[in-house]
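The values are calculated or read from the model by the stated rules, or taken from the named source; none is laboratory data. Predicted, not measured: the structure shown is a model, and the values here were computed from it. Here Cβ is always computed from backbone atoms with ideal geometry, including for glycine, and neighbour counts include all displayed protein chains. When the accessible area is computed, the model is the full protein with side chains, heavy atoms only, and any ligands, DNA or RNA have been set aside. Shrake-Rupley method; radii C 1.70, N 1.55, O 1.52, S 1.80 Å.
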Amino acid sequence: MNEVRLGIVGLGRLGKRHAQNLHYRVPGANLVAACSVVSDELTWAKDELGVNKTYESYDDLLADPEIDAVFLVSTSSVHAQQIKAGLAAGKHVFSEKPMGVTIEECLDVEKVVAAAPDLHFQLGFVRRFDPSLAYAKKKIEEGLIGEPFLVRAQTVDTDEFAEFQIKFVPTSGGIFMDMNSHDIDLARWFIGSEIKSVYAIGGSYVHPGFAEVNDADNTVALCRFEDGKMAVISASRTAFHGHDTHTEITGSKGILKIGMRANKNRVEIFDSVGARVECVQDFYERFQEGFLLEAQSFVKGIQSGEKPAIIAKDGTKATEVGFALTTSFKEKRVVEL
Ligand SMILES: NC(=O)c1ccc[n+]([C@@H]2O[C@H](COP(=O)([O-])OP(=O)(O)OC[C@H]3O[C@@H](n4cnc5c(N)ncnc54)[C@H](O)[C@@H]3O)[C@@H](O)[C@H]2O)c1
């Protein structure tokens, strides 16, 4: 099968990880180009991965006929425009979440994706590729827990990133958009219908800086689906023990709990402090297998022509619900979608 020649766009915290996967660990991928507005990142791509074609301008990368696909790991606010331009230039596109930061731009992306049926478009809802969450989905489809009616999903970061995150609230869209988009996607995926109303509460219990920018460091949200089913989605930026992201699905015949303890591995330590396990420390450590599997799936999908399971509408829905949660929190009311 033909190799896929890729250009990565954005080489920040996550982009470097994706670039390493594409260079070292994805069969059939050839990372030939990199684009970033930060010149040090382009030097890193050249020195560390031997990427010879480096571009400061995305348009210049798109004009390169030797690139089959773009892998967008840029700042969230430019995703929608870069997805549309990538498809218009005839490139296959992978984009990190969110698909767009407004509902209008998400709907626009949906149209452009629909108009390019021969191009592969995949969105980075990495948790669907996590082996344990994917296994839970399979078990639900097999009927193991009967009819699922409640999802509880949380994303919890360690406190060390909090002060840094305050600065990014204006561009990240706030705690619900930034931290809960995967939880929203998982709740829709497991329940199999759409969220129709939400009520979100929260506060700045540890870092007053979040309140100053009209955001929170800890939140809880209740979501009602169109068929009356439920989700409880929470977020925290103030944990001390680790990146504690887990999911629980309750059905009419049983419950599935995925990653309820954020264990780093299977080692238990017994010492003067007591009996304990160490925890994963960040999202990448928790979901690294998922990040690799989603990149492999993107390249394989281009080669085989098989359509991706995650579609553009999933991106729009996550943004729509993220907005509703933010509005509910800010206006202290139930929001109907
Ligand atoms: N799937 C996940 O779990 C997950 C986790 C973390 C981040 N993300 C997403 O990944 C994206 C990147 O996050 P990050 O933490 O690496 O951010 P970052 O700020 O560390 O990196 C952003 C990169 O984008 C580049 N960039 C910005 N505008 C650009 C433009 N116009 N053209 C080309 N490059 C441009 C910057 O140079 C930088 O390299 C965000 O959208 C974020 O939401 C997803």
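Below are the figures for this structure:
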| quantity | calculated |
| --- | --- |
| Region 287-330 shape via C-alpha gyration tensor axes, a/c threshold 1.5 | oblate |
| Cβ-derived FRET efficiency at R0 51 Å, ASN2 paired with ILE255, nearest 0.05 | 0.70 |
| Global form of region 191-337, assessed from the alpha-carbon gyration tensor, a/c cut-off 1.5 | oblate |
| Accessible-area ranking of GLU306, GLU66, largest first, probe 1.4 Å | GLU306, GLU66 |
| Extension gain (nm, one decimal) between LEU337 and GLU306, 0.36 nm per residue minus Cα-Cα | 7.9 nm |
| Segment THR75-THR327, extension gain: residue separation times 0.36 nm, minus the distance between their alpha carbons | 88.5 nm |
| Cα coordinate range in region 168-219, projected on the principal axes (Å, largest first) | 37, 21, 16 |
| From the C-alpha gyration tensor of region 244-310, square roots of 5λ in Å | 33, 19, 8 |
| Kirkwood-Stokes translational diffusion coefficient of region 1-69, alpha-carbon pairs, 25 °C, 0.890 mPa s, µm²/s | 208 |
| Axial C-alpha extent at least 20 Å, average Kyte-Doolittle at least -0.5 - helices from the chain (DSSP) | 175-191, 283-304, 312-331 |
| Inter-probe distance in nm under a simple model that places probes 7 Å from Cα toward Cβ, at LYS139 and GLU163 | 4.2 |
| Restraint check, LYS264/LYS313; LYS138/LYS229; LYS138/LYS317; LYS97/LYS167; LYS46/LYS307, Cα-Cα greater than 26 Å | LYS264/LYS313; LYS46/LYS307 |
| Positive minus negative residues near SER77 (Lys, Arg vs Asp, Glu; Cβ under 15 Å) | -2 |
| Spin-label model distance (nm) - ARG25 vs SER132, 7 Å beyond Cα toward Cβ | 1.7 |
| For GLU289, solvent-accessible area (1.4 Å; no DNA, RNA or ligand), Å² | 120 |
| Heavy-atom surface of region 66-108, accessible at 1.4 Å and reported per residue (Å²) | 33 |
| Shape category assigned to the chain from the gyration tensor of Cα positions, a/c cut at 1.5 | rounded |
| Equivalent-ellipsoid semi-axes of region 137-258, from the Cα gyration tensor, Å, largest first | 29, 15, 10 |
| Highest-MSF residue in the chain out of ALA88, ALA324, ALA153 [GNM, Cα springs under 10 Å] | ALA88 |
| Within the accessible area of region 1-117 (1.4 Å probe), percent carbon and sulfur | 47 |
| Accessible-area value, LYS196, 1.4 Å probe, nucleic acids and ligands omitted, Å² | 70 |
| GluC sites (Glu not before Pro) within region 106-150, DSSP loop, no more than 16 other Cβ atoms inside 10 Å | GLU142 |
| Net lengthening on full extension, SER197/ASP118 (0.36 nm per residue, minus Cα-Cα) | 24.9 nm |
| MRE, 222 nm, helices only [DSSP H, n ≥ 4, -39500 (n - 2.57), over the chain, to nearest 500] | -12000 deg cm²/dmol |
| Simple label model, 7 Å out from Cα along Cβ direction - ARG13 to HIS241, nm | 2.2 |
| Amide H contacts under 5 Å for ASN214, placed H, 5+ residues apart | none |
